[in-house]
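The values are calculated or read from the model by the stated rules, or taken from the named source; none is laboratory data. The shown structure was predicted, so the numbers you read here are calculated from the model rather than taken from an experiment. Every residue, glycine among them, receives a Cβ derived from its backbone with ideal geometry; neighbour counts consider all protein chains shown. Each accessible area value is taken on the protein alone, full model and side chains, heavy atoms only, with ligands, DNA and RNA left out. Shrake-Rupley method; radii C 1.70, N 1.55, O 1.52, S 1.80 Å.
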Amino acid sequence: MVVDDHPMWREGVARDLTEAGFLVVATSGEGRQAVRVAAAARPDVVVLDLQLPDISGVEVILGLRAALPDVRVLMLSASGEQQSVLDAVKAGAAGYLVKSTAPAEFLDAVRRTAAGGTVFTPGLAGLVLGEYRRLAAGPGQADPGGGAEPATPRLTDRETEVLRLVAKGLSYKQIAQRLGLSHRTVQNHVQNTLGKLQLHNRVELTRYAIERGLDD
């Protein structure tokens, strides 16, 4: 699904996606309408602009994820400002691209997002990782050198290994190839890890890993 208030841009993106083999189930130019339409159309991925005429892209993300908890939201915005990026990711966006991204890179980002990956315009990934590390180092965090409990105390070595690769943005297929496992085995490890950590999706799992420095 493509959500953007500029008709020519919206239809152009939808056309590019269709020509690349994706099924575009809906388009919308307004935030509230997008949430309603998505609940019926049930897209796997929503390509979403940050600036919409009625409500913000962040509000749309929250509405989409409330209606469709497993939906993957890829931001495609003219704004690359730090706060805009962080607000979108904290709301649950799986990735963030600026509109100057080359078409081939955009299509690859959609594929990676659909496969469960996290995708950012070069330069923005470091910004997001830095912010989560800053938050993780804030008040109330245990001192890593002084009696802190292990980063993932309830996970097996294999689950921790998979978690590290998830945090690096690898797709399940890439993780399976890297570790010599089947795609389904990787999915099972991720589902087990989500259950143990009481998290709900890959975005939350990535945040958890980043906050604990497991993406290094």
Accessible area of segment 1-124 belonging to carbon and sulfur atoms, whole % at 1.4 Å probe: 53
May I ask for the net charge around residue 33, where only other residues with Cβ less than 15 Å from the Cβ of residue 33 are counted and Lys, Arg are +1 while Asp, Glu are -1? -3
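Can you give the extra length, in nm with one decimal, that the chain gains between residue 15 and residue 54 once fully stretched, where that is 0.36 nm per residue apart less the Cα-Cα distance? Don't skip to the answer; put the middle values down first.
Working: separation 39, 0.36 × 39 = 14.04 nm, distance 2.46 nm.
The span from residue 15 to residue 54 would gain 11.6 nm if fully extended.
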Cα→Cβ-extended label distance, 7 Å offset, between residue 90 and residue 158, nm: 3.7
Site residue 111, offset 7 angstrom along Cα→Cβ, radius 17 Å on amide nitrogen, limited to segment 44-76, gives 45
How many angstrom lie between the C-alpha centres of segment 30-44 and segment 187-205? 25
